[in-house]
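Trainee: The structure's right below; bear with me while I get my questions together.
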Amino acid sequence: MKLKRRKRNGTLITMTPLVDVMLILLVFFMVTSSYLDLNMIPMVDRGEDVQNPTQSQGNVGATLLIRIGSDGQARFRGQPLGVAALAAAMQETPDARVLILPSGFADVQALVGVIELATAAGVTNLRVVRLEGAGG
């Protein structure tokens, strides 16, 4: 008498549970991760500094920081300055690097006014700086 052996099925691994787990992990990591803030990437061509190291070393000490308060008043070295005094301060050192730091609540028109004033004074190295998390 011959016994029939049952055919052994190979272990079949289905991909459906693996895809479900991967989808759940993907959604989890997307929700819990923090996204890249594009404002923190400097938009400066670093090739200029490499090509002219003597020029950039000469301007290292000449940096003017102008703060714009929430009331729209421009401050230089902690003192509020009018339009004429600010223009005179910028014209004294036209090759200096000018950094403008607006408050989080500063009026955009005040920022544009300071930028136009710097351009009229002949400033060629102008940057607007924004501090993260600073409101006022």
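Trainee: Name the pairs whose Cβ atoms lie under 9 Å apart, with the first residue in segment 124-135 and closer than 12 Å to PRO102 by Cβ, the second of a type in the set (Gly, Ala, Ser) and modelled with pLDDT of 80 or more, and 6 or more positions between them or separate chains?
Mentor: Close Cβ pairs satisfying both conditions: ARG130/GLY104; LEU131/GLY104; ALA134/SER103; ALA134/GLY104; GLY135/SER70; GLY135/SER103; GLY135/GLY104.
Trainee: Being surrounded by 16 or more Cβ atoms within 10 Å (Cβ to Cβ) and either within 17 Å of ASN125 (Cβ to Cβ) or among the hydroxyl-bearing types (Ser, Thr, Tyr) (or both) is the filter here, so list the residues in segment 61-75 that pass it.
Mentor: If the condition is that a residue be surrounded by 16 or more Cβ atoms within 10 Å (Cβ to Cβ) and either within 17 Å of ASN125 (Cβ to Cβ) or among the hydroxyl-bearing types (Ser, Thr, Tyr) (or both), then LEU64, ILE66 are the ones that fit.
Trainee: Follow-up question, since we're still on this one. Determine whether segment 92-104 contains at least one residue that is of a type outside the set (Asp, Glu) and in contact (Cβ under 8 Å) with a residue 60 or more places away in the chain.
Mentor: Looking through segment 92-104, none of the residues is of a type outside the set (Asp, Glu) and in contact (Cβ under 8 Å) with a residue 60 or more places away in the chain.
Every residue, every condition in (1) in a helix (DSSP H, G or I); (2) basic (Lys, Arg); (3) at pLDDT 85 or above; (4) more than 24 Å from the chain's Cα centre (by Cα), yes or no:
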site: ALA89; (1), (2), (3), (4): yes, no, no, yes
site: ILE100; (1), (2), (3), (4): no, no, yes, no
site: ALA110; (1), (2), (3), (4): yes, no, yes, no
site: GLU116; (1), (2), (3), (4): yes, no, yes, no
site: ARG127; (1), (2), (3), (4): no, yes, yes, no
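Trainee: I've got another one for you. If you check every pair at least six apart or on different chains, which have Cβ atoms under 6 Å apart with a residue in segment 58-76 that is modelled with pLDDT under 85 first and a residue that is part of a loop (DSSP other than H, G, I, E, B) and among the β-branched types (Val, Ile, Thr) second?
Mentor: ALA62/THR93
The values are calculated or read from the model by the stated rules, or taken from the named source; none is laboratory data. Predicted model only: the values in this text are computed from it and were never measured. Backbone-built Cβ (ideal geometry, glycine too); neighbour counts: all protein chains shown.
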